[in-house]
Amino acid sequence: MRMLRFEVSFFNGAANDQGGPALIRAEAVTKIFGPNPHSVLPLLEQGQSKDDIQRETSHIIGVCNASFSLEPGEIFVIMGLSGSGKSTLIRCVNRLFEPTSGKIFLNDPDHGEQEITALDQEALRKVRKYQMSMVFQHFALFPHRTVLSNVVYGLEIQGKHKAEREEEGHRVLKMVGLDSWANTYPSELSGGMQQRVGLARGLATQAKVLLMDEPFSALDPLIKVNMQQELVKIQDELARTILFITHDLDEAMRIGNHIAIMEAGEIVQIGTPEEILVNPRTEYVANFVEHADPTGVITAKTIALPLRDKYFDKTHERNGIQYLHRKGGERSIEYGIDDQGKLENVRWDDRNVTVQSLEDAYKAMAEESERRDDTLVTCRGTCVLRDVLRCRSYTSLPIIVTDDSGRVVGLIDEPELITAILEKRGIESGSNESVTTEREAHVAHGND
Amino acid sequence: MNELMDLLRGVLAAPFDLLDIPVRAWITDIVNWIVSMFRGFFRAYISPPVRSVMETIQWALSSIPPTVFLLAVFLVAWRSASWKVGLFSVIALALIGFMGVWDQMILTLSLITTAVIFSIIIGLPLGILSSRSDLFYTIIRPILDIMQTTPPFVYLVPAVMLFGIGNVPGLIATIIFGMPPVIRLTNLAIRQVQPDLVEAAVAFGSTRREILTKVQFPLAMPTIMAGVNQTIMLSLSMVVIAAIIGAGGLGLEVYAGLERLNIGQAFVGGIGIVLLAMVLDRITQGLGQKGPGAKEKRSK
């Protein structure tokens, strides 16, 4: 049978991530702690294992050969367990720790490209003053200063006049909802509020880059989620570039545009949350993501059964519209697709089925609770699994996934949903044989 | 063989006859040398500033009428500590006045104020330096130990030889004796400032001076004030001893009383010193607790 022509567009759509030059670029950053770190570097280059080196030389390798880059305006999360070197790595970026080797570049359009690792103290201070600020795990607020005075600390160091910096301070405090607390002391605030002050202090300097070292780890779970939402909201408004450290995978998935996973000082995988969830590169990452909640991360286009002749039969063609039927499908639903690749109509036992967009379906859902069996919903490929599941509770028919221009990408029915939830992958994507066990694979295919 | 045994027996019986370290002669020589070399220098360049500061303070304090002085003490104590401390201070100082040693108290207060001012001027920078350089602190620590543990009588002698007798040599001895706590506690206080706060200051591009003045110093203030408080107490005890070499004030009352076996006079001086010490202690402690760094409730 002739290959369907739509599949090409699906695969092109997947690779639109890389845009623009990186704002921060780290190349092979290594940080060794000990009396003579440079003496250990050659051993590392010769490929000796970190454990051996640590045992024999009493040096500790904090970060080993870490490379990554941040695109302007994104939240880049470095995730790892405690001791994996993530806090060391973030401190290498603004040189609170001197990297033992490797280079870090900052490419701020207003200042041109600078090699952070080659700056002298004076220039480094300038970078810290104007281009990078930081938020700390334990807040590190100055207890002898009021909330406002904490927030404007960076502006004070920049040499801004009192009136100007206080105006700016109040503006940022409003943004984090604490303006009425401006004249209190940090000790009078709760943990969550203190970290809002920490965030405000980081935002106040107008630095393009915000380094956040486990900023929400010390907070209660509920407050933590609140803060994450707030951060994303503020980020939508201000579009800073954020390097965010966490040991919490759900947090990483919730706020990160890209995630780097660290293990024992090394970055083992970098990718979008979905890539990491669907396609864990090592056993370690796989273990990590095993208990992650996929419903907010995995997108419809990943789990959709692609429109290929492997999965679909062409039943007939009428007026230039091809009618497709799912192979082995129980119900005789036919999907009519025009020569643009768009969904023209859907027929079930020669009846027409109503087709609704996801937005319309949501509106209808708000009004009635009855589950429909005569309506089919289409959604964008970028919708997350949660949205798709909600549609499934609204209608018993499959969900059609389209790309941004409305062309059909694939279809999601029960088997796809089950695979997505249980194995965090699509029928075709992420079939990493070494990680997926045989039993799981069996479950996946036995459902169809 | 027998000779060897005899020698051994002799050594065991009197081991210290083996070696004679003539420290007495050395110190005498060293001090004589220092005196002959530097006496002129010390008298020309160290005495005058100390003397003029002391005399200015004494002039200022003694020209205030006692009632105004008491009122001022009450206000200072009230602002820095509480109205209770204020009331206590007024009663204590009034008692001193009623015992007839008001002028001596004023002189003692001037001596102490001068000693403390010089202790802070010299001690604070040394303390800051010690907090930044482990090497410097390693060097200065034994010197501080010597300054603090040498019995105060011992350095009265070189003080007299260098500066003669009177208030100034007494003051110099007092400054040397009283300064170590300022250095030690300044060093300790700055080192104890939470490292994450210093890190935060660094991350925002602060210079070392800004870190010191905006973060470390304000947070170290309560501990530094404790050092100043100790310095005041030590100075007070030293000022009594300094009466031996001619320093005046309440110490002289005690010393004179002892010399003449005038128990009453000695006790009046002693009670005056105790009352003054309590007043100064309460006020400076209050200052330490209400200072800018006193908001040190950890933000965790």
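The values are calculated or read from the model by the stated rules, or taken from the named source; none is laboratory data. Keep in mind that this is a model prediction, so the values were computed, not measured. Counting neighbours? That spans all protein chains shown, and the Cβs are built from the backbone with ideal geometry, glycine included.
Between B:Val202, B:Val228, B:Val240, the distinction of being of a type in the set (A, V, I, L, M), touching a helix residue (DSSP H, G or I) at 6+ places or on another chain (Cβ under 9 Å) and within 11 Å of chain A (Cβ to nearest Cβ) belongs to B:Val202 only. Considering A:Phe136, A:Phe105, the condition of being in contact (Cβ under 8 Å) with a residue 60 or more places away in the chain, more than 28 Å from A:Gln194 (Cα to Cα) and aromatic (Phe, Trp, Tyr) is satisfied by A:Phe105 alone. Which residues, taken from the stretch B:247-269, are over 18 Å from the mean Cα position of the chain (by Cα) and buried (at least 17 other Cβ atoms within 10 Å of the Cβ)? If the condition is that a residue be over 18 Å from the mean Cα position of the chain (by Cα) and buried (at least 17 other Cβ atoms within 10 Å of the Cβ), then B:Leu252, B:Glu253, B:Val254, B:Tyr255, B:Gly257, B:Gln265, B:Ala266, B:Val268, B:Gly269 are the ones that fit.
Scanning the stretch A:26-68 for residues that are more than 16 Å from A:Ala264 (Cβ to Cβ), among the hydroxyl-bearing types (Ser, Thr, Tyr) and crowded, with 18+ Cβ neighbours inside 10 Å gives a single hit, A:Thr57. Just checking, does the stretch A:159-182 include any residue being more than 23 Å from A:Val93 (Cβ to Cβ), over 31 Å from the mean Cα position of the chain (by Cα) and within 10 Å of chain B (Cβ to nearest Cβ)? No, the conditions are met nowhere in the stretch A:159-182. For the stretch A:350-367, the criterion of being acidic (Asp, Glu), assigned to a helix (DSSP H, G or I) and closer than 24 Å to A:Gly406 by Cα is met by at least one residue. Is it the case, given these coordinates, that A:Gly265 is without any contact (Cβ under 8 Å) to a residue 24 or more places away in the chain and within 27 Å of A:Arg95 (Cα to Cα)? Spelling it out, it is not the case that A:Gly265 is without any contact (Cβ under 8 Å) to a residue 24 or more places away in the chain and within 27 Å of A:Arg95 (Cα to Cα). Against the conditions (1) within 13 Å of chain B (Cβ to nearest Cβ); (2) of a type in the set (Phe, Trp, Tyr); (3) within 26 Å of A:Pro72 (Cα to Cα), A:Tyr185 satisfies every one except (3). The listed residues are B:Thr284, B:Thr207, and the only one of them that is under 30 Å from A:Asn94 (Cα atoms), among the hydroxyl-bearing types (Ser, Thr, Tyr) and either out of contact with any Ser or Thr (no Cβ under 6 Å at 6 or more places or on another chain) or within 14 Å of chain A (Cβ to nearest Cβ) (or both) turns out to be B:Thr207.
Only one of A:Ile259, A:Ile270, A:Ile276 is hydrophobic (A, V, I, L, M, F, W, C) and in a helix (DSSP H, G or I). Can you tell me which? Within the list A:Ile259, A:Ile270, A:Ile276, the selection yields A:Ile276. Close Cβ contacts (under 7 Å, 6 or more residues apart or on different chains) running from residues in the stretch A:77-92 that are part of a strand (DSSP E or B) to residues that are of a type in the set (Phe, Trp, Tyr) comprise A:Val77/A:Phe244.
Exactly one residue out of A:Leu211, A:Leu243 is within 14 Å of another protein chain (Cβ to nearest Cβ) and under 15 Å from the mean Cα position of the chain (by Cα): that is A:Leu243. Is it the case that some residue within the stretch B:130-150 is away from every other protein chain (no Cβ under 14 Å) and outside any helix (DSSP H, G or I)? There is at least one residue in the stretch B:130-150 that is away from every other protein chain (no Cβ under 14 Å) and outside any helix (DSSP H, G or I).
For the stretch A:146-195, filtered to residues that are out of contact with any Leu (no Cβ under 8 Å at 6 or more places or on another chain) and charged (D, E, K, R), the residue that is nearest to B:Ala203 (Cα to Cα) is A:Glu156.
Checked against (1) closer than 27 Å to B:Ala44 by Cα; (2) surrounded by 15 or more Cβ atoms within 10 Å (Cβ to Cβ), B:Tyr137 passes all but a single condition, namely (1).
Return a yes/no flag: does the stretch B:175-191 have any residue that is in contact with a strand residue (DSSP E or B) (Cβ under 7 Å, 6 or more places away or on another chain) and more than 17 Å from B:Ile128 (Cβ to Cβ). No: zero hits. Do you know which residues across the stretch A:88-117 are surrounded by fewer than 22 Cβ atoms within 10 Å (Cβ to Cβ), out of contact with any helix residue (DSSP H, G or I) (no Cβ under 9 Å at 6 or more places or on another chain) and under 22 Å from B:Pro195 (Cβ atoms)? Scanning the stretch A:88-117 gives a single hit, A:Ile90. Selection of the stretch B:71-96 for residues being surrounded by fewer than 17 Cβ atoms within 10 Å (Cβ to Cβ) and without any contact (Cβ under 8 Å) to a residue 60 or more places away in the chain yields B:Leu71, B:Ala72, B:Leu75, B:Arg79, B:Trp83, B:Lys84, B:Leu87, B:Ile91, B:Ala94. Screening the candidates B:Met278, B:Met179, B:Met225, B:Met238 for the property of being in contact (Cβ under 8 Å) with a residue 12 or more places away in the chain and either over 26 Å from B:Ala115 (Cβ atoms) or touching a Pro at 6+ places or on another chain (Cβ under 8 Å) (or both) yields one hit, B:Met238. Confirm whether B:Leu276 is among the aliphatic types (A, V, I, L, M) and either more than 16 Å from the chain's Cα centre (by Cα) or under 24 Å from B:Leu71 (Cβ atoms) (or both). Yes: the conditions hold for B:Leu276. Beta carbons closer than 8 Å, at least 6 apart along the sequence or on distinct chains, pair a first residue in the stretch B:194-212 that is of a type in the set (Phe, Trp, Tyr) with a second that is part of a loop (DSSP other than H, G, I, E, B) for B:Phe204/A:Thr205. Here A:Val388 does not fit the description of being assigned to a strand (DSSP E or B), out of contact with any Ser or Thr (no Cβ under 6 Å at 6 or more places or on another chain) and closer than 19 Å to A:Leu417 by Cα. If you check B:Leu219, B:Leu258, which single one turns out to be out of contact with any Pro (no Cβ under 6 Å at 6 or more places or on another chain), of a type in the set (A, V, I, L, M) and modelled with pLDDT under 90? When all the criteria are applied, what remains is B:Leu258.
A:Lys160 fulfils the conditions (1) closer than 20 Å to A:Arg240 by Cβ; (2) in contact (Cβ under 8 Å) with a residue 12 or more places away in the chain; (3) not hydroxyl-bearing (Ser, Thr, Tyr) except for a single criterion, (2). If you go through the stretch A:114-139 and pick out every residue that is touching a strand residue (DSSP E or B) at 6+ places or on another chain (Cβ under 9 Å), within 9 Å of chain B (Cβ to nearest Cβ) and of a type in the set (A, V, I, L, M), you end up with 3.
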